[in-house]
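Okay, so here's the structure we're looking at.
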Amino acid sequence: MNIRLRSLFFLTAIGITTIVSAKSKTIEPILQVPFTQVHFNDNFWAPRIEINRTVSIPSAFKECEKNGRFNNFALAGKLIKGEHKGDFSFDDTDPYKIIEGASYSLAVKYDKKLDAYLDSVINLIRAAQEPDGYLCTCVTNNCTRLSGWWGTHRWEKINSHELYNCGHLYEAAVAHYQATGKKTLLNIAIKNADLVCATFGPNNGQIHRPSGHPIVEMALCKLYKVTGNKKYLDMAKYFVEETGRGTDGHRLSEYSQDHMPILKQDEIKGHAVRAGYLYSGVADVAYLTKDTAYFNAITRIWDNMASKKLYITGGIGSRAQGEGFGPNYELNNHTAYCETCAAIANVYWNQRMFLATGDAKYIDVLERALYNGVISGVSLSGNKFFYDNPLESMGQHERQAWFGCACCPGNITRFMASVPTYMYATQGTDIFVNLYAQSNGKVKVGKNEVSMKQTTQYPWDGKITISVNPLKSGKFAISLRIPGWAGNQPVPTNLYKFTEKALSGYNIRVNGKIANLSAKDGYVSIDRQWKKGDVIELNLPMSVRRIQAHDNVADDKGKLAIERGPIVYCIEGKDQTDKHVFNKYIPENTKMDYTFQKDLLNGVMVLKGTAKEINLSGEEKDVPFTAIPYSTWNNRGTDEMAVWVPSSAKYTHPTPLPTIASKARTIIVKAPIQNDAPDSASTEEWAWGVNDQWEPKSSSDTSKPYHYWWLKRGTPETLAYEFENEETVSNVEVYWLDIDQYDGNFRVPESWKLYYKDGDSWKEVEAKSPYTTKKDCYNNLDFTPVKTKGLKIVAKLQDGESGGVLEWKVK
Ligand code: FUB
Ligand code: ZN
């Protein structure tokens, strides 16, 4: 904990409400300036926020209409007859999130039609609420199809997401109330929260459980702030305290950070969105209750995240299985999960850490996520979304309009609409400037109001002019954040470093005169008598820089990332002459020119230079390359892409020649899996990742695509290749997956067999060597040659374990 916070907590704990800061001034809590007070008119954010308003919000509402999200409420309210739709017990949160986004949007730009639309949706929500306040449509609709989630009665299962639904309801309700002044949704939320407060808690007759999927903690804190009713804060605190206690005997799991009490945790583990939301909620509770112990705990966990589990894009969560964190330094690029919701959660958490401490290092991480890992989640057109945000692609990734599990699109709508809130904060009469973008802000400080007008081309240019116009002249401090990247720290830990020292530093002028001020806690404070017409000029160095990851990050070994200002770059196939990415390296000191291309990707700064291209014979040649902002990739169709680019030939992957396997279509034959049954009796699923021609380094090398039998344990499972034409084959090599995972391990199979397609049937090959199940190497199988249109592996998984295949070759 930093000294300022320590003193804040300590002194308030002993009853002193105004305390002395490191700056020897009376300080008060740090407060964020609402986005309604800050209007962006730049070329970067303003168009994105407008597209969110005009495209993302309406199209996400349309998807809710199409996918029965609203009908589920109508059904629960007995307004219509029919079947409950959707696949998840948390589908109600999609409308809630979009209502929240729409409310933020309304607050900035009133739209009568949207206001009325929200009223009509809220009417459905009201109808769905049970008389005692309960609200969760799949339970009220008694949807037995989804009973795996919720059981047979309300509040039965910890992972039912009922409280997650409640949390998003409160978030939406507070936003709607603040935007419109209407209490329609807020009253629904309050009635529901009262039920939650009566149902959960430490007393006899109450349910003793944490939330299962956090958000209700943050949301209850918001409800407390809006209503002043302390029981909501107490409820949030209870859910925080109950985490990891196991009072009711449920299975304690890392998945929901419930494996031990938060006060004992020091490593971020489990499901990434849950973690980000939980620790944001803990930060709220710690802040509102002045609890240093909880703050110390999340500071420790944050240190672990920022020093061992944070992607250079600000994304978090390396694994698709369990949608969460792997071990320290597991930051694989291709298979990076980096869920959009998790990057958003990372912003929430860092903002709260900043509000509690006034330390700019949290805004450094926030800004990194904001400009890279969050906005990559939405297309420039505003109507397509990434669920996971990998840092490398072979062209298989593509944004979608919607998902069965549609958590990310709605989250984007509510997030984008509120971005300006992260720009300013106040503390007493002082102002923090955390983000830079051309904008007009009105910042209330005490009885004064300061108009802050930023003129800048940031993030493309580092020159920022801030016109400061206080209503009344006065002495106060304006603290400008000097981003870590403007010095020598891409992140405030040793996880990443620049390959060279910055060529120049920042400089600041006040009313045209150079101000000699030094940075502290990441800020330069200009403490003076401010009057109308004062002007600050900040120049941040915007050179193109290369970044190297910590040695322990295996997948970044021998590679460097490229960054300019807050923007992380990538190279995408489209922009390269031969359309390939992995066959190139960019030596460490390569000079790169930058030019603004206004017609490309809605206007971006592109970087150009000369790379080395290498072919299968190891021959190298110089080729031009172009890099674009990572967040804008995949806006021109699918393609190869990489953020971490080799800096030497050793780490390149010359474009391989096609093989029988690489040309095959990979499928899972669902049933029957064993043998001679004709194809017509089977159903198939498309699979991918075992024929990409990247060599695994071990059975736990999940850095490149692979196939795993998700949620299958101890069963016989299949994987098949379908060839376009008949092929004569006599050998396969199989590299089995074997890795520990917190929600179930993947092991080499107990045994396996290989079948070939004979007409419509599958026949076992005549094996000439044993079927082996060795780890960390290819398992070679020779068999009597067959002419066939397909091969099928049937692997019997070990009891209680899952399994998978990293790579499968055919000769
Ligand atoms: O479980 C609710 C949401 O769905 C999570 O936050 C996402 O990761 C997705 O699993
Ligand atoms: Zn999501």
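Every residue, every condition in (1) within 16 Å of ligand 1 (Cβ to nearest atom); (2) not charged (D, E, K, R), yes or no:
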residue	(1), (2)
Thr227	no, yes
Lys230	no, no
Leu233	no, yes
Thr247	no, yes
Ser253	yes, yes
Asp258	yes, no
### Query
Going by the structure shown, is Ala356 more than 25 Å from Pro390 (Cβ to Cβ), in contact (Cβ under 8 Å) with a residue 12 or more places away in the chain, away from ligand 2 (no atom under 16 Å from the Cβ) and in contact with a Phe, Trp or Tyr (Cβ under 7 Å, 6 or more places away or on another chain)?
yes
### Query
On the given criteria, is Ser103 more than 15 Å from ligand 2 (Cβ to nearest atom) and either under 26 Å from the mean Cα position of the chain (by Cα) or modelled with pLDDT under 95 (or both)?
yes
#### Entry: Checklist (1) closer than 26 Å to Tyr294 by Cβ; (2) within 16 Å of ligand 1 (Cβ to nearest atom) applied to Gln427, failing item
(2)
### Query
For region 31-90, how many residues meet the condition of being of a type in the set (Gly, Ala, Ser) and more than 24 Å from the chain's Cα centre (by Cα)?
5
### Query
Does at least one position in region 327-336 carry a residue that is within 16 Å of ligand 2 (Cβ to nearest atom), over 17 Å from Ile301 (Cβ atoms) and out of contact with any Cys (no Cβ under 7 Å at 6 or more places or on another chain)?
yes
### Message
Just to verify a result, which residue in region 246-269, among those that are of a type outside the set (Ser, Thr, Tyr) and farther than 26 Å from Gly326 by Cβ, is surrounded by the most Cβ atoms within 10 Å (Cβ to Cβ)?
### Response
Asp248
### Message
Where the second residue is in a loop (DSSP other than H, G, I, E, B) and among the hydrophobic types (A, V, I, L, M, F, W, C) and the first is under 13 Å from Val734 (Cβ atoms) and lies in region 686-698, which pairs have Cβ atoms under 9 Å and are six or more apart or on separate chains?
### Response
Asn691/Ala664; Pro696/Leu737
### Message
Tell me which helices (runs of 4 or more DSSP H) are completely within region 1-83 and hold 2 or more residues being surrounded by 19 or more Cβ atoms within 10 Å (Cβ to Cβ) and at pLDDT 50 or above, or say none if there are none.
### Response
45-51, 57-66, 69-76
### Message
Looking for something away from ligand 2 (no atom under 12 Å from the Cβ), of a type in the set (A, V, I, L, M), outside the structural domain of Ile344 (by TED's automatic domain parsing) and closer than 30 Å to Glu65 by Cβ - is there at least one such residue anywhere in region 394-403?
### Response
yes
### Query
When you scan region 487-558 for strands (runs of 3 or more DSSP E) that lie fully inside it, which ones turn up with 2 or more residues that are aliphatic (A, V, I, L, M) and either in contact with a Pro (Cβ under 8 Å, 6 or more places away or on another chain) or surrounded by 16 or more Cβ atoms within 10 Å (Cβ to Cβ) (or both)?
507-510, 523-530, 534-539, 544-549
### Query
Can you find a residue in region 107-116 that is away from ligand 2 (no atom under 15 Å from the Cβ), surrounded by 24 or more Cβ atoms within 10 Å (Cβ to Cβ) and more than 22 Å from Ser147 (Cα to Cα)?
no
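The rows are residues; the columns are (1) touching an Asp or Glu at 6+ places or on another chain (Cβ under 7 Å); (2) in the same structural domain as Ala549 (by TED's automatic domain parsing); (3) more than 30 Å from Leu607 (Cβ to Cβ).
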{"residue": "Trp460", "(1), (2), (3)": "no, no, no"}
{"residue": "Val468", "(1), (2), (3)": "yes, no, yes"}
{"residue": "Ile478", "(1), (2), (3)": "no, no, yes"}
{"residue": "Ile482", "(1), (2), (3)": "no, no, no"}
{"residue": "Asp521", "(1), (2), (3)": "yes, no, yes"}
### Message
On the basis of being more than 19 Å from Thr140 (Cα to Cα) and of a type outside the set (Lys, Arg), does His161 make the cut?
### Response
no
### Query
Within the group Leu233, Leu220, Leu288, which residue is under 21 Å from Ala345 (Cα atoms), surrounded by fewer than 17 Cβ atoms within 10 Å (Cβ to Cβ), of a type outside the set (D, E, K, R) and more than 16 Å from ligand 2 (Cβ to nearest atom)?
Leu288
### Query
Does Lys309 fit the bill of being crowded, with 23+ Cβ neighbours inside 10 Å and not hydrophobic (A, V, I, L, M, F, W, C)?
yes
### Task
Kindly list, by first and then second residue, each pair from a residue in region 264-292 that is farther than 17 Å from Pro210 by Cβ and basic (Lys, Arg) to a residue that is more than 16 Å from ligand 1 (Cβ to nearest atom) and assigned to a helix (DSSP H, G or I), limited to pairs with Cβ atoms under 9 Å and residues at least 6 apart or on different chains.
Lys290/Leu8; Lys290/Phe9; Lys290/Thr12; Lys290/Ala13
### Task
Considering every residue within region 415-424, establish whether at least one is assigned to a helix (DSSP H, G or I), within 16 Å of ligand 2 (Cβ to nearest atom), touching a residue at least 40 places away in the same chain (Cβ under 8 Å) and buried (at least 22 other Cβ atoms within 10 Å of the Cβ).
yes
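The values are calculated or read from the model by the stated rules, or taken from the named source; none is laboratory data. Bear in mind that the values here come from a model prediction, so they are computed numbers and not experimental data. Note that each Cβ is placed from the backbone with ideal geometry, even for glycine, and that neighbours are counted across all protein chains shown.
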